Amino acid sequence: MTTLVINHAANRQPSSEHPHEHRPATPDTRPSGERVAMPPVTVNGVTISRKAIAAEVQNFPARNPGEGWRAATRALVIRELLLQEARRLDVCVEQKTDEDGRRETAEDALVRGLIEREVSVPEADEETLRRFYENNLRRFVTPSLYEADHILIGARRDDDEAFAAARERASSLRATLATAPERFATLARDCSDCPSASLGGSLGQIGPGDTTSEFEAALIALAPGDISTPVETRYGVHLIRLTRRIDGRQLPFEAVRERIASYLVEHVQRQATVQYLTLLVGQAAISGIAIDGSSSPLVQ
């Protein structure tokens with residue numbers, strides 16, 4: 001089970017965003033192959049094999065081998081506990097097939113069937129939905145958008161000499177624009193190291209997260225028509241001109257009602273599942289690892 005996150009971003013036009021402003025890739029956190037010394041693990045007398053744990057570790061990236069091993073072991077213990085309970089209750093459920101034609105395993109179906117049968121989740125009534133909306137108005141506002149141009153003097157931060165030269169060049173261009181702001185597009189075409197140079201530096205519409213944090217902070221601080229002082233990022237030094245700000249707007253209740261209902265159902269189901277797992281763990285004989293229901297991947 002995964003946690004539903006309400007996405008409040010409104011539809012917007014695709015920006016002319018360029019590769020220089022992409023966020024960095026997620027760091028590699030693949031688990032180490034180093035062996036971890038752990039005692040034998042059993043669930044009501046059933047052993048969780050080291051081979052099964054080793055195979056499961058790949059699903060739990062961690063800072064060190066021991067952390068990944070413990071996370072994988074907890075997941076398998078909870079799964080074994082749920083499967084035992086499903087069989088004890090003689091849960092019978094058909095395996096589902098997703099839209100891509102992939103069929104869930106028989107064990108996955110048993111776990112799903114058990115949770116659906118044993119964890120009841122009441123639906124929120126209209127009054128509850130409206131109260132949640134009124135108490136969380138700021139969560140239902142579309143993000144502000146910005147139409148902006150920029151000039152990039154490209155340089156790598158680890159090249160001190162090149163970065164210093166880029167900083168000096170950007171400062172010189174900023175001095176020119178201070179007296180002749182109408183030359184921004186021309187200077188962008190002639191001087192910018194970004195593909196947007198061919199468009200006079202235009203980046204189109206930019207929203208939260210579309211650029212680096214330094215670029216975004218500088219952009220937000222500008223008023224329409226303003227040109228920033230030099231802004232340093234890992235790609236070099238930028239001059240940014242804000243041409244238009246489109247402020248976020250409050251979404252009406254009717255537009256977000258279903259999202260609120262889904263969120264509340266997920267929230268209540270997560271809490272109910274934690275309680276159910278905690279009860280099962282408390283009644284089980286588990287050796288080799290300390291565990292509680294809230295550590296199950298089902299409720300992360």
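A few remarks follow.
- The residue pairs whose first member lies in the stretch 52-72 and is part of a loop (DSSP other than H, G, I, E, B), whose second member is acidic (Asp, Glu), and whose beta carbons are closer than 9 Å, counting only pairs six or more residues apart or on different chains, are Phe60/Glu67; Pro61/Asp28; Asn64/Glu34.
- Search result, residues across the stretch 248-269 that are acidic (Asp, Glu) and either part of a strand (DSSP E or B) or in contact (Cβ under 8 Å) with a residue 12 or more places away in the chain (or both): Glu266
- In the stretch 152-166, the residues that are assigned to a helix (DSSP H, G or I) reach residues that are loosely packed, with under 14 Cβ neighbours inside 10 Å with C-beta atoms within less than 6 angstrom, at least six apart or across chains, in these pairs: Phe163/Arg157.
- Test for Arg130: is it at pLDDT below 95, more than 21 Å from Leu83 (Cα to Cα) and outside any loop (DSSP other than H, G, I, E, B): no
- Residues considered: Ile227, Ile240, Ile286. Of these, the only one that is more than 30 Å from Glu123 (Cα to Cα), in contact (Cβ under 8 Å) with a residue 24 or more places away in the chain and within 30 Å of the chain's Cα centre (by Cα) is Ile240.
- Residue match in the stretch 227-247 (condition: at pLDDT below 95, closer than 18 Å to Ser144 by Cβ, of a type outside the set (Gly, Ala, Ser) and not in a strand (DSSP E or B)): yes
- Test result for Gln205, in a strand (DSSP E or B) and either outside the structural domain of Phe184 (by TED's automatic domain parsing) or crowded, with 17+ Cβ neighbours inside 10 Å (or both): yes
- Test: Ala180 is free of Cβ contacts under 8 Å to residues at least 40 places away in the same chain, closer than 17 Å to Ser144 by Cβ and among the hydrophobic types (A, V, I, L, M, F, W, C): no
- Applying the criterion of being closer than 17 Å to Thr243 by Cβ and out of contact with any Asp or Glu (no Cβ under 8 Å at 6 or more places or on another chain) to the residues of the stretch 181-196, the residue that is surrounded by the fewest Cβ atoms within 10 Å (Cβ to Cβ) is Glu182.
- Flag: Ala170 does not match the condition of being among the small types (Gly, Ala, Ser) and more than 21 Å from Glu216 (Cα to Cα).
- Restricting the stretch 106-124 to residues that are part of a helix (DSSP H, G or I) and in contact with a Phe, Trp or Tyr (Cβ under 8 Å, 6 or more places away or on another chain) leaves a set whose member that is surrounded by the most Cβ atoms within 10 Å (Cβ to Cβ) is Ile115.
- Those residues of the stretch 70-105 which are surrounded by 19 or more Cβ atoms within 10 Å (Cβ to Cβ), more than 15 Å from Phe60 (Cα to Cα) and in contact with a strand residue (DSSP E or B) (Cβ under 7 Å, 6 or more places away or on another chain), in sequence order: Glu80, Leu81
- Some residue of the stretch 259-277 being touching a Phe, Trp or Tyr at 6+ places or on another chain (Cβ under 8 Å), at pLDDT 95 or above and within 20 Å of Ala170 (Cα to Cα): no
- Residue in the stretch 136-146 that is under 30 Å from Ser228 (Cβ atoms), of a type in the set (Gly, Ala, Ser) and either within 27 Å of the chain's Cα centre (by Cα) or surrounded by fewer than 18 Cβ atoms within 10 Å (Cβ to Cβ) (or both) present: yes
The values are calculated or read from the model by the stated rules, or taken from the named source; none is laboratory data. None of the values given here were measured: they were computed from a predicted structure. Note that each Cβ is placed from the backbone with ideal geometry, even for glycine, and that neighbours are counted across all protein chains shown.
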